[in-house]
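Derivation of every value follows stated rules applied to the coordinates shown; laboratory data play no part. Worth saying up front: this structure is predicted, and the values here are computed from it rather than measured. Cβ: placed from backbone, ideal geometry, glycine included. Neighbour counts: every protein chain shown.
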Amino acid sequence: MNNETNKKEPDKIIEYRLSTPLRQTHAMGAVSFVLSIIGLFTSFLFPFAIQIIGIILGHISKSDINANPDRYTGGTLVTAGLIINYLVIILSLLFLVVFGAGIAFLISTFTNELDNVVNTLGQ
């Protein structure tokens, strides 16, 4: 007997996709969200750098998601990342303004007291 004739050819299976193809989460959008969370806790180490990178990636991925809604998902994740990044930048700027005003107030108070001490010692 011939081995060739004994072998059966496997049945060919034809698969039809009845639903729409699965959408995937946009990778840059996920990175933007992760950077917003990291920047939330490390903004005192790298002020504004992580947030600016996260905002750029977030806007790029948001426009890509809007341009290809049938291919990508994760728009709410990107929006949350953008909101967190913008809030961290705004709060950091407010902190810098308040901190700078406090330092300026302390310096002016110190110089006024120093002038008073010098004036009393000079009399």
Difference of contour (0.36 nm per residue) and Cα-Cα distance, residue 97 to residue 110 | 2.7 nm
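Could you estimate the translational diffusion coefficient of the range 61-118 from the Stokes-Einstein equation, with Rh from the Kirkwood formula over C-alpha pairs, at 10 °C and 1.306 mPa s, in whole µm²/s?
Details: Rh = 15.1 Å.
It comes out at roughly 105 µm²/s.
Applying a 10 Å radius around every beta-carbon, put 101-108, 61-68 in order of their mean neighbour count, most first.
Values: 101-108: 10.0, 61-68: 15.6.
Ranked by mean Cβ neighbours within 10 Å, highest first: 61-68, 101-108.
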Would you compute the Debye intensity of the range 23-96 from its alpha-carbon atoms alone, equal scatterers and no solvent, and pass along log10 I(q)/I(0) at q = 0.17, 0.21, 0.26 Å⁻¹ to two decimals?
-> -0.55, -0.76, -1.03
How many nm separate the modelled label positions at residue 83 and residue 60, each set 7 Å beyond the Cα in the direction of the Cβ?
-> 2.4
